[in-house]
Amino acid sequence: MKISSRLSTILKISLSAPPLFPVSYNVDLDKVTAREAVQMIAEWLDGNEIENLNVAGPRASKDPGIHDFVVGILNRVWEV
């Protein structure tokens with residue numbers, strides 16, 4: 001399942017990793033399936049020491065359903 005492409009929907013994940021500089025990873029949800037996003041994010045998280053995680057994307061008012069969609073992806077990431 002892909003999210004609607006009416007907007008460029010990019011999930012940005014940031015974390016603080018030693019030596020305390022921000023590291024970010026972008027997943028364009030218009031270009032990958034939810035399954036691919038889960039795998040990409042899980043692999044990326046496994047390769048980094050996570051202290052703080054920030055997830056950002058478009059406002060729900062601009063992309064209805066994005067919150068639940070991303071929560072679903074992240075819930076699946078934690079199961080991998």
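Annotations for the structure displayed:
- Legend: ranking of residues S61, S24 from fewest to most surrounding C-beta atoms inside 10 Å; resulting order S61, S24.
- ³J(HN,Hα), Karplus 6.51/-1.76/1.60, whole Hz, each residue of the stretch 60-67, x for Gly, Pro: 4, 5, 8, 9, x, x, 5, 4
Only the coordinates and a few stated rules stand behind these numbers; no lab work does. Every value quoted in this text rests on a predicted model; they were computed, and no experiment measured them. Backbone-built Cβ (ideal geometry, glycine too); neighbour counts: all protein chains shown.
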